[in-house]
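For reference, the structure discussed in these notes is given below.
The values are calculated or read from the model by the stated rules, or taken from the named source; none is laboratory data. Keep in mind that this is a model prediction, so the values were computed, not measured. Virtual Cβ from ideal backbone geometry, glycine too; neighbours counted across all protein chains shown.
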Amino acid sequence: MYNVFCFMALNISEVTYVACFTAEDGVYSCGHEHRSVREAMNCLVPDGGSFVRAHDAGVFRSLDNGELIDFLESLPEMPWSWRNKAQGGALANTR
């Protein structure tokens, strides 16, 4: 039984996340291996040209439904979010 679990653990991939942006000559990532969608969002550039991708088993992919929910729930917490500014976040008080 123990050998079966060791074998299964070797096949479970660790998913990491990267912030990406597009340029005229391709798609680039932040170069970090973030452990969560929320953490990767700290590397986003708030100009609308960046996005988060999952890195799973050596392949970049779009966020799945659960990861997308994490992304959407984290948006108001971003320091550059208009909601954060409107609700008196840390950036709302700096001028």
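For this structure, a couple of remarks:
- Any chance LEU72 is exposed (fewer than 12 other Cβ atoms within 10 Å of the Cβ), at pLDDT 90 or above and within 22 Å of CYS20 (Cβ to Cβ): yes
- When residues of segment 1-43 are limited to those that are more than 23 Å from GLU73 (Cβ to Cβ) and either among the small types (Gly, Ala, Ser) or touching a Cys at 6+ places or on another chain (Cβ under 7 Å) (or both), the one modelled with the lowest pLDDT: ALA9
- Scanning segment 21-42 for residues that are farther than 13 Å from PHE71 by Cβ and either crowded, with 18+ Cβ neighbours inside 10 Å or of a type in the set (Ser, Thr, Tyr) (or both) yields a total of 4.
- Pairing each residue of segment 45-66 that is of a type in the set (Gly, Ala, Ser) and surrounded by 10 or more Cβ atoms within 10 Å (Cβ to Cβ) with any residue that is at pLDDT below 95 and assigned to a loop (DSSP other than H, G, I, E, B), provided the two are 6+ apart or on different chains, yields C-beta distances under 7 Å for SER50/LEU44; ALA57/SER13.
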